[in-house]
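**Q** Submitted below is the structure of interest, expressed as structure tokens.
The values are calculated or read from the model by the stated rules, or taken from the named source; none is laboratory data. Note that the structure is predicted; figures quoted are calculated from it, not measured. Note that each Cβ is placed from the backbone with ideal geometry, even for glycine, and that neighbours are counted across all protein chains shown.
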Amino acid sequence: MTRTNGHGGIDFDFSALDGQLFAPPDFWRLVLFAKRSVHDRTIDSHRYKPIIDDAERYRNLIDAELDHQFPT
């Protein structure tokens with residue numbers, strides 16, 4: 001997810017500084033993080049709330065990004 005007006009955003013970069021990869025986060029943690037970000041107005045609620053509220057759509061977004069970060 002991108003930042004709006006230079007504020008907020010969700011960074012899906014799970015690589016550590018030493019090149020080791022962190023384990024992908026649990027889906028429910030990403031949902032909670034996104035909902036808190038909308039509530040705190042760090043991401044645009046008009047743009048992201050409909051995606052976050054649709055669990056299937058949000059899971060597809062996360063799965064696509066995690067597949068990009070952690071190719072098999």
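**Q** Does Ile51 meet the test of being at pLDDT 85 or above, touching a strand residue (DSSP E or B) at 6+ places or on another chain (Cβ under 9 Å) and not acidic (Asp, Glu)?
**A** For Ile51, the condition - at pLDDT 85 or above, touching a strand residue (DSSP E or B) at 6+ places or on another chain (Cβ under 9 Å) and not acidic (Asp, Glu) - is not met.
**Q** Which residue is nearest to Arg29 (Cα to Cα), if the candidates are limited to segment 53-69 and must be part of a helix (DSSP H, G or I) and of a type in the set (D, E, K, R)?
**A** It comes out as Arg59.
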